[in-house]
Amino acid sequence: MRNITVESLNSTPVEKQAVELVERKGIGHPDTICDSIMEATSVALCREYLKTFGRVVHHNIDKCLLVAGRTSPKIGGGKVDEPMRLVFGDRAIYEINGKKVPVGEIAIATAEEWLRKNLRFVDPKAHMIFQNEIKPGSPELTDIFDREVIGANDTSAAVGYAPLTETERIVLATERYLNSPDFKEINPEVGEDIKVMGMRRYRHLTLTIAIAFVDRFVSSEKAYFSRKAEIQAALEAFVAKEKRNFDQVTIDINTLDSEGRGEDGMYLTVLGTSAEGGDCGQVGRGNKVNGVIALNRPMSTEAAAGKNPIAHVGKIYTFLTHDIAHKIYNKVPGISEVYVWLCSQIGQPIDQPLIASAQMVLKPGATVEDVRQAVEEVMEHELANIYSFTERLTRGEFSVA
């Protein structure tokens with residue numbers, strides 16, 4: 001038997017707490033760009049490692065810095081004065097027994113493909129400089145992959161939870177709506193760099209939204225504020241359909257704007273992302289693996305993006321805890337909230353964590369003894385099948401953004 005602990009929490013579910021804060025960084029936010037590109041690069045490396053070596057080998061490329069460029073936004077269309085710089089970092093295997101994998105070339109090609117697919121106005125050849133600082137891995141960590149049973153390559157802990165609150169769901173849905181192809185077709189001036197901050201006070205939800213407008217679609221100051229009002233109306237209609245159990249929802253867009261100040265009073269960008277000139281990005285500073293940054297929840301400190309999906313428990317357990325939590329919540333009656341914790345020991349099999357813990361806020365009338373066996377069975381099953389889970393991570397079936 002694995003070392004599993006099941007306990008109840010005497011706490012108020014987040015949904016019923018007086019104040020809740022939830023943030024979502026959109027696909028064009030500099031931090032999300034870093035997370036997404038490094039995770040896509042890890043998936044591409046896994047594919048090439050399997051092709052070349054017949055197995056996934058050591059890599060941890062969870063270090064990435066997006067250095068902001070310099071632009072001159074202008075009504076009607078500005079210009080890019082200095083390109084952005086994307087620095088790839090950390091460790092990966094380049095060669096085994098004479099067989100080589102072009103790690104740097106794969107990283108750059110993957111980044112270019114991701115940028116073309118996700119950021120409409122960023123030309124990776126013209127607007128981005130790529131700098132490969134991925135070095136060969138350390139011998140001890142590399143040796144883990146040569147052992148009969150691959151062990152954890154770190155002593156690390158992670159936590160996941162279920163279900164999402166109404167605030168978490170609507171914050172996530174709002175950003176996805178604004179960045180959906182259908183919305184972009186009607187509102188091409190809405191750039192990909194969108195940040196949604198949800199603040200719920202009792203049953204009143206305030207959504208503060210930053211939207212990077214693309215300057216080429218803005219013909220005048222009047223047109224900017226007119227389009228902003230139309231986008232606000234569209235958002236209010238969308239949220240009304242998604243309102244769920246809020247008494248009131250307030251939406252504030254680009255609150256730094258100031259009419260009468262011309263270009264200085266508008267959030268204008270040339271390429272649709274603040275990374276072009278105003279904000280740098282880094283792996284691990286963006287959304288958690290469930291898509292939001294929920295300040296009322298316990299959160300793992302690990303950056304999952306780019307870590308290898310075979311031995312790095314910082315990645316595996318971060319995804320797995322959320323997956324197990326949702327399965328417990330959906331399969332076991334009587335639970336309002338569940339938090340799943342996993343902690344590894346370096347070198348030990350990843351299916352045998354040092355501790356696996358489920359903490360639950362139970363519904364009225366339910367006791368921990370009512371649910372203990374069912375919760376333990378779910379956790380045992382998921383840990384026993386962890387290698388199927390890591391195969392799915394290898395294929396990129398889970399998103400980090």
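The figures follow:
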| item | result |
| --- | --- |
| Criterion (buried (at least 18 other Cβ atoms within 10 Å of the Cβ), touching a Gly at 6+ places or on another chain (Cβ under 6 Å) and at pLDDT 95 or above) met by exactly one of GLY191, GLY160 | GLY191 |
| Residue within region 335-348 that is assigned to a loop (DSSP other than H, G, I, E, B), of a type in the set (A, V, I, L, M, F, W, C) and buried (at least 18 other Cβ atoms within 10 Å of the Cβ) present | no |
| Which numbered condition GLY98 misses (of (1) within 19 Å of SER399 (Cα to Cα); (2) free of Cβ contacts under 8 Å to residues at least 40 places away in the same chain) | (1) |
| Residues within region 101-123 that are over 12 Å from LEU45 (Cα atoms) and part of a loop (DSSP other than H, G, I, E, B), tallied | 5 |
| Options GLY314, GLY291, GLY278, GLY284: the member that is in a helix (DSSP H, G or I), surrounded by 17 or more Cβ atoms within 10 Å (Cβ to Cβ) and either without any contact (Cβ under 8 Å) to a residue 60 or more places away in the chain or not acidic (Asp, Glu) (or both) | GLY314 |
| Residues of region 55-86 satisfying the condition of being farther than 22 Å from SER219 by Cβ and β-branched (Val, Ile, Thr) | VAL56, VAL57, ILE61, VAL67 |
| Test: residue in region 17-37 that is small (Gly, Ala, Ser) and closer than 30 Å to ALA366 by Cα | yes |
| Residue in region 15-34 that is closer than 20 Å to ILE129 by Cα, at pLDDT below 95 and not hydroxyl-bearing (Ser, Thr, Tyr) present | no |
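The values are calculated or read from the model by the stated rules, or taken from the named source; none is laboratory data. Keep in mind the model is a prediction, meaning the values are calculated, not measured. Note: ideal-geometry Cβ built from the backbone for every residue, glycine included; neighbour counts use all protein chains shown.
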